[in-house]
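Encoded as structure tokens, the structure appears first; notes follow it.
The values are calculated or read from the model by the stated rules, or taken from the named source; none is laboratory data. Computed from a prediction, not measured in an experiment: that's the story for all the values here. We place every Cβ from the backbone using ideal geometry, glycine too, and count neighbours over all the protein chains shown.
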Amino acid sequence: MKIIHHVIKMKTAATLDFIDITEKIQQKIKKTGIKNGVINIQSLHTTMAIIINEAEPLLISDMKTLLEKMAPRTFKYMHDNFEIRTVNMCDGECKNGHSHAKAIHLPTSAFLNIIKNNLQLGRWQRVFAVELDRSRAREISLQIIGK
Amino acid sequence: MKIIHHVIKMKTAATLDFIDITEKIQQKIKKTGIKNGVINIQSLHTTMAIIINEAEPLLISDMKTLLEKMAPRTFKYMHDNFEIRTVNMCDGECKNGHSHAKAIHLPTSAFLNIIKNNLQLGRWQRVFAVELDRSRAREISLQIIGK
Amino acid sequence: MKIIHHVIKMKTAATLDFIDITEKIQQKIKKTGIKNGVINIQSLHTTMAIIINEAEPLLISDMKTLLEKMAPRTFKYMHDNFEIRTVNMCDGECKNGHSHAKAIHLPTSAFLNIIKNNLQLGRWQRVFAVELDRSRAREISLQIIGK
């Protein structure tokens, strides 16, 4: 039984950028030579989600619309009230209450099976890293376990 | 340490069919003889979710109401606009934008502990496969790891 | 490869109590001596969620507001209609339809990587157990796998 760790790095373009990371994950699994096992795909950011859905551009537009409706940028979040907030303030802190609000309803990680040295996915399933904040440098941590 | 793979097949009845798969999973775990480990229960479909909740019929009605309210069938999804959509169109493609919209807020997989050769669940916890599309043939992939 | 099981017990204070369990999990990982692996953090309750987000008090207020808006306590849930409900009724059953309704959109478990005998988390990521019901005695099950 082997455990292999890897990090995928990327630069996102904008809020609600959907980045299809399926191929990158698949390549990593191939390299490990692990035939049968599991993989954990973990976002290392509170405002980046990992979702499994279909890579159809109009559907991605729909998902953006729904996420924006659920946690609108125009809503007044207390997290963005820098007059009263004292915790976790950094230099150049940006208002991203909406990003965290979107995040609570989306998964931080995806755990998928590896069968015959392949990431097991259904016909339409693809793995996306979803940027909930603005354009950022991001890291996705992979942990691959199996034999 | 063993890794055992299994697929549960089923035919769902209708949109928002909640199928309690707890016993089927439990039987599989018993057969493996694995005493201590984990199981990943993964839907192989973009419009089928895996949720953990209570098997109380009125509660299931409530959940259907809420999912329908969150991503209504009557909403105009771009994914359903077959005049302009060019990607992933199959023969007899049906309008299921609402199914994908429901899916983004629900988990694709559940990862649970195995203790003493039993699926570990709290008193009221049951595992459901939830059909978000219409009646379909479906597959749930199980990966059981442990010793 | 080792598999180590542990249960975190707690008493929650009120509905939507956010309990930061990151340190407790970290201590458990340290004790196991496991250098490289994964951990599954599983709520054993249908009305307690496990979420990963930032420990900023105003943000937690925002999340409470959003969860309450999504599945309001004032909504009439059929699960709470004790005149017609016959299933899973216990002594002193309380109306908690809103708790289950909040639960369907939140994860029951979190699966995270262990790197160099540490729980791997991004800079702002913290693990919370979130009480969706009233003040209760609660259990979180940990399964730690690795070597």
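The selection criterion, being buried (at least 20 other Cβ atoms within 10 Å of the Cβ), touching a Phe, Trp or Tyr at 6+ places or on another chain (Cβ under 9 Å) and either in contact (Cβ under 8 Å) with a residue 12 or more places away in the chain or more than 8 Å from chain C (Cβ to nearest Cβ) (or both), does not hold for B:Glu93. For B:Glu139, the conditions (1) in contact with a Lys or Arg (Cβ under 7 Å, 6 or more places away or on another chain); (2) buried (at least 22 other Cβ atoms within 10 Å of the Cβ) are fulfilled apart from (2). If you go through the range C:52-65 and pick out every residue that is hydrophobic (A, V, I, L, M, F, W, C), facing another protein chain (nearest Cβ under 7 Å) and surrounded by fewer than 22 Cβ atoms within 10 Å (Cβ to Cβ), you end up with 1.
Pairing residues of the range C:62-81 that are without any contact (Cβ under 8 Å) to a residue 12 or more places away in the chain with residues that are in a helix (DSSP H, G or I), at Cβ distances under 8 Å and at least 6 apart in sequence or on separate chains, gives C:Asp62/A:Met78; C:Asp62/A:His79; C:Asp62/A:Gly97; C:Asp62/A:His100; C:Asp62/A:Ala101; C:Leu66/A:Ala101; C:Asn81/B:Leu58.
Tell me yes or no: at least one residue of the range A:25-35 is in contact with a Ser or Thr (Cβ under 7 Å, 6 or more places away or on another chain) and either under 21 Å from C:Asn40 (Cα atoms) or at pLDDT 95 or above (or both). Looking through the range A:25-35, none of the residues is in contact with a Ser or Thr (Cβ under 7 Å, 6 or more places away or on another chain) and either under 21 Å from C:Asn40 (Cα atoms) or at pLDDT 95 or above (or both). Considering the range A:117-129, the residues that are touching a His at 6+ places or on another chain (Cβ under 9 Å) and of a type outside the set (Gly, Ala, Ser) include one that is surrounded by the fewest Cβ atoms within 10 Å (Cβ to Cβ), namely A:Arg123.
Yes or no, residue by residue, for (1) over 22 Å from C:Ala14 (Cα atoms); (2) touching an Asp or Glu at 6+ places or on another chain (Cβ under 9 Å):
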residue	(1), (2)
C:Arg73	no, no
C:Arg85	yes, yes
C:Lys102	no, yes
C:Asn117	yes, no
C:Leu121	yes, no
C:Gln125	yes, yes
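Note on the range B:96-107: residues that are within 9 Å of chain A (Cβ to nearest Cβ), small (Gly, Ala, Ser) and touching a strand residue (DSSP E or B) at 6+ places or on another chain (Cβ under 9 Å) amount to 1.
Listed conditions (1) crowded, with 21+ Cβ neighbours inside 10 Å; (2) more than 14 Å from chain A (Cβ to nearest Cβ); (3) in a strand (DSSP E or B) are all met by B:Ile25, apart from (3). With respect to the conditions (1) in contact with a helix residue (DSSP H, G or I) (Cβ under 8 Å, 6 or more places away or on another chain); (2) more than 9 Å from every other protein chain (Cβ to nearest Cβ); (3) crowded, with 19+ Cβ neighbours inside 10 Å; (4) within 24 Å of B:Leu112 (Cα to Cα), A:Leu132 lacks only one, and its number is (4). Checking each residue in the range B:115-129 for being under 24 Å from C:Lys2 (Cα atoms) and more than 8 Å from chain C (Cβ to nearest Cβ) picks out B:Lys116, B:Asn117, B:Asn118, B:Leu119. Cβ-Cβ distances below 6 Å connect the following pairs, each with a first residue in the range C:1-26 that is under 22 Å from C:Ala103 (Cα atoms), a second residue that is assigned to a helix (DSSP H, G or I), and a separation of six or more residues or different chains: C:Ile8/C:Lys24; C:Leu16/C:Lys64; C:Phe18/C:Ile60.
Among the numbered conditions (1) of a type outside the set (S, T, N, Q); (2) closer than 28 Å to A:Gly146 by Cβ; (3) surrounded by fewer than 21 Cβ atoms within 10 Å (Cβ to Cβ), the only one that B:Ile145 does not meet is (3).
Assess whether C:Ile104 counts as being buried (at least 21 other Cβ atoms within 10 Å of the Cβ) and more than 18 Å from C:Ile60 (Cα to Cα). Judged against the criteria, C:Ile104 is a match.
All conditions in (1) surrounded by fewer than 19 Cβ atoms within 10 Å (Cβ to Cβ); (2) touching a residue at least 40 places away in the same chain (Cβ under 8 Å); (3) of a type outside the set (Lys, Arg) hold for A:Gly37, with the sole exception of (1).
Selection of the range B:1-15 for residues being outside any loop (DSSP other than H, G, I, E, B), within 14 Å of chain C (Cβ to nearest Cβ) and among the aliphatic types (A, V, I, L, M) yields only B:Ile3. Taken over the range A:1-24, the criterion of being within 12 Å of the chain's Cα centre (by Cα) and either at pLDDT below 95 or under 20 Å from C:Gly122 (Cβ atoms) (or both) is satisfied by A:Ile8, A:Lys9, A:Met10, A:Thr12, A:Leu16, A:Asp17, A:Phe18, A:Ile19, A:Ile21.
Each residue in the range B:1-51 was checked for being under 24 Å from B:Leu66 (Cα atoms) and of a type in the set (S, T, N, Q), and 7 pass.
Would you confirm, using the coordinates I've provided, whether C:Leu44 is closer than 25 Å to B:Ile60 by Cα, touching a Gly at 6+ places or on another chain (Cβ under 7 Å) and either surrounded by fewer than 22 Cβ atoms within 10 Å (Cβ to Cβ) or more than 14 Å from chain B (Cβ to nearest Cβ) (or both)? Criteria met by C:Leu44.
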